[in-house]
Amino acid sequence: MTCCPASGPIRYSGASWAHRGEDGVTREKQLLIDFLCASAGGPVYYRGRDMALCHRGMRISEKDWNVFLGHAAATLAKFQVPEAEQRDVVAFVQSLKNDIVE
């Protein structure tokens with residue numbers, strides 16, 4: 001289980017998160033950082049799989065997606081991210097929806 005400080009725990013289910021070791025979780029976090037930085041035009045090179053491939057079979061539903069968006073919005077608000085940047089983040093995340101939601 002991972003905790004979003006702004007809005008409570010996010011519960012992950014399924015085999016992909018069961019019995020994850022600390023090293024695997026650290027790698028996933030670094031891949032996320034690399035993906036976001038590379039997508040934002042930064043100098044980081046993302047070496048992970050594309051979003052469709054890495055989310056295939058996870059059975060992420062529309063309901064799951066909406067819960068995620070709620071957690072993301074609460075986190076952005078908690079850290080007082082300005083409205084314009086919040087809109088940019090939400091627009092970027094929404095652009096990934098078709099690759100993530102089944």
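The values are calculated or read from the model by the stated rules, or taken from the named source; none is laboratory data. The shown structure was predicted, so the numbers you read here are calculated from the model rather than taken from an experiment. Methodologically, a virtual Cβ is constructed for each residue, glycine included, from the backbone with ideal geometry; neighbour enumeration extends over all protein chains shown.
Anything in region 32-48 that is surrounded by 12 or more Cβ atoms within 10 Å (Cβ to Cβ) and under 14 Å from Leu96 (Cβ atoms)? List them, or say none.
Selection gives Leu32, Phe35, Leu36, Ala38, Ser39, Tyr46, Gly48.
Within region 72-86, how many residues are within 16 Å of Leu36 (Cβ to Cβ) and in a helix (DSSP H, G or I)?
5
Looking at region 25-36, I want the residues that are closer than 9 Å to Gly48 by Cα and have a partner that is exposed (fewer than 12 other Cβ atoms within 10 Å of the Cβ) and modelled with pLDDT of 85 or more with Cβ atoms under 8 Å, at least 6 apart or on another chain. Which pairs are those?
From residues that are closer than 9 Å to Gly48 by Cα, the pairs are Leu31/Arg47; Asp34/Tyr45; Asp34/Arg47.
Pick from region 58-78 the residues that are out of contact with any helix residue (DSSP H, G or I) (no Cβ under 7 Å at 6 or more places or on another chain) and without any contact (Cβ under 8 Å) to a residue 24 or more places away in the chain: which of them is surrounded by the fewest Cβ atoms within 10 Å (Cβ to Cβ)?
Lys63
Would you be able to tell me the number of residues in region 1-24 that are aliphatic (A, V, I, L, M) and either surrounded by 12 or more Cβ atoms within 10 Å (Cβ to Cβ) or modelled with pLDDT of 85 or more (or both)?
So the answer is 2.
Can you pull out every residue in region 46-57 that is touching a helix residue (DSSP H, G or I) at 6+ places or on another chain (Cβ under 6 Å) and in a loop (DSSP other than H, G, I, E, B)?
Tyr46, Gly48, listed by residue number.
Which residues, taken from region 79-90, are aliphatic (A, V, I, L, M) and surrounded by 13 or more Cβ atoms within 10 Å (Cβ to Cβ)?
Passing the criteria: Val81, Val89, Val90.
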